[in-house]
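The values are calculated or read from the model by the stated rules, or taken from the named source; none is laboratory data. Computed from a predicted structure; not experimentally measured. For neighbour counting, all protein chains shown are included, and Cβ atoms are generated from backbone atoms with ideal geometry for every residue, glycine included. The protein model used for the area step is the full one, side chains on, heavy atoms only, and it has no ligands, DNA or RNA in it. Shrake-Rupley method; radii C 1.70, N 1.55, O 1.52, S 1.80 Å.
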Amino acid sequence: MNHKKTRKMVYLALLSAIAIVLHTVEAAIPVPLPVGAKLGLANIVTVYAVFVWGPGEALLILLTRILLGALFAGQVMSLMYSLAGGALALLVMAGLRRILSQKQIWLAGVLGAMAHNIGQIAVA
């Protein structure tokens, strides 16, 4: 394995670890709203990964976070909701990556969050 591939693998593993930590910390924060809405802090890592590394690598980070996050947080029942919401959010953000600039990355995050909610509602 050459140096560039190793470096990329380390960056992706680090981003996955950051996403898992954010997911776990957010799971420990009490939800003030009765509907169970959360901030989606781990989505920050996904948005960053889509714009910097591309959709394929962001998918790897997303799947790692969802699977390990569900395992660590003990929320296996929410796995289907997270997979559907995450996949739809990733599709939206990957499409927006083509038309938005780096300065508009926040817009991809907002629209990705909306798509995530739509995906979860569709599963429900």
(request) From Ala84, Ala27, Ala70, Ala17, grab the single residue that is modelled with pLDDT of 90 or more, surrounded by 17 or more Cβ atoms within 10 Å (Cβ to Cβ) and either in contact with a helix residue (DSSP H, G or I) (Cβ under 9 Å, 6 or more places away or on another chain) or more than 20 Å from Ala124 (Cβ to Cβ) (or both). (result) Ala84
(message) Yes or no: region 56-64 includes at least one residue that is of a type outside the set (Asp, Glu), without any contact (Cβ under 8 Å) to a residue 60 or more places away in the chain and more than 14 Å from Ala19 (Cβ to Cβ).
(response) yes
(message) Please go through region 101-124 and give me each residue that is among the aliphatic types (A, V, I, L, M) and open to solvent by 30 Å² or more (accessible area, probe 1.4 Å), ordered by number.
(response) Ile105, Leu107, Val110, Leu111, Ala113, Met114, Ile118, Ile121, Ala122, Val123, Ala124
(message) Report every pair of residues separated by at least 6 positions or lying on different chains whose Cβ atoms are under 6 Å apart, first residue within region 1-16 and of a type outside the set (Ser, Thr, Tyr), second open to solvent by 90 Å² or more (accessible area, probe 1.4 Å).
(response) none
(message) Yes or no: region 50-60 includes at least one residue that is touching a His at 6+ places or on another chain (Cβ under 6 Å) and either among the hydrophobic types (A, V, I, L, M, F, W, C) or open to solvent by 70 Å² or more (accessible area, probe 1.4 Å) (or both).
(response) no
(request) Give the residues of region 30-49 that are more than 21 Å from Ala70 (Cβ to Cβ) and at pLDDT 90 or above, sorted by residue number. (result) Tyr48
(request) Evaluate the following for Ala89: is it at pLDDT 90 or above, surrounded by 12 or more Cβ atoms within 10 Å (Cβ to Cβ), in contact with a Ser or Thr (Cβ under 9 Å, 6 or more places away or on another chain) and under 24 Å from Thr6 (Cα atoms)? (result) no
(message) Six or more apart or on different chains, Cβ atoms under 9 Å: show the pairs whose first residue is in region 87-116 and farther than 18 Å from Ile61 by Cα and whose second is outside any helix (DSSP H, G or I) and open to solvent by 20 Å² or more (accessible area, probe 1.4 Å).
(response) Leu107/Leu100
